[in-house]
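We did not get these values from a lab; they are worked out from the coordinates using the rules stated. Everything numeric in this text was worked out from a predicted model, so none of it was measured. Note: ideal-geometry Cβ built from the backbone for every residue, glycine included; neighbour counts use all protein chains shown.
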Amino acid sequence: MNRFSKIFLLSLVFAILLVGCARSSFKQKWLKEESPSNYIARFETTKGVFDVEIIRSWSPLAADRFYQTVKHRFYNGTLFYRVVPKFVVQWGNNDTTVFPKWRAYKLPDEPVVQSNLRGYMSYARSGKETRGSTLFINLNDNARLDTVMANGVKGYPPFGKVIKGMEVVDSLYAGYEGKTMSKLDTLQKYPALFMKQFPKLDKINKAYILR
């Protein structure tokens, strides 16, 4: 290997290291970003627009993670894949190229300090430190969700409430009740097939922070 080739190779390795460090630094930066004490997130959906006010004191770590993910367009294009009338509407990012990157950074569990009232939003979870992707809005007062156990973890802590457009949330398509949850693997692996099976599901076109 001549001198020029060695210099080129060293330069290439150095550039790769710089990119890796920049990505790592960037991840650390936005994962540590703290949300405002109160802020509003807007959801533009196929049925219209609704706004959710986030109240950090109710569940600080959840408010922070939601702030981080929404700023990085985590929920754009996601489906309301579970709508149970008089109970909840649920959605989350199931993109296998996006979701695993966030799942790697566990969100510590927090206690329930605010009840799951109608219009209030919480992260779903299936056990210890599994919040961070799937969200639900209560379509009714669901106080039992404050204390129900999910694989050893108690309750679902709300961290926000719908302040505008609850009629939009109520109107999301609910005709597939009980059928979609058993097909979530299909949604993750074969989204086009899932949409063919459940073509009437509503989705989030865009979610972003208003203020």
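Here are some notes:
- Note on the stretch 56-211: Rg/Rh from Cα positions, Kirkwood definition for Rh, rounded to two decimals, is 0.93.
- Residues Lys203, Lys196 arranged by fewest to most Cβ contacts within 10 Å: Lys196, Lys203
- Sorting 169-179, 102-112, 127-137 by their mean Cβ neighbour count within 10 Å, with the most densely packed peptide first, gives 127-137, 169-179, 102-112.
- Size of electric dipole in the stretch 53-211: Cβ of Lys, Arg +1 and of Asp, Glu -1, about Cα centre, debye, nearest 20: 360 debye
- Arranged from fewest to most other beta-carbon atoms within 10 Å of their beta carbon, Arg211, Arg118 become Arg211, Arg118.
- Restraint check, Lys179/Lys203; Lys101/Lys128; Lys47/Lys206; Lys106/Lys206, Cα-Cα greater than 21 Å: Lys106/Lys206
- Under 5 Å from the amide H of Val49 lies no amide H of any residue 5 or more positions distant or on a separate chain, with H modelled from the backbone and absent for Pro and chain starts.
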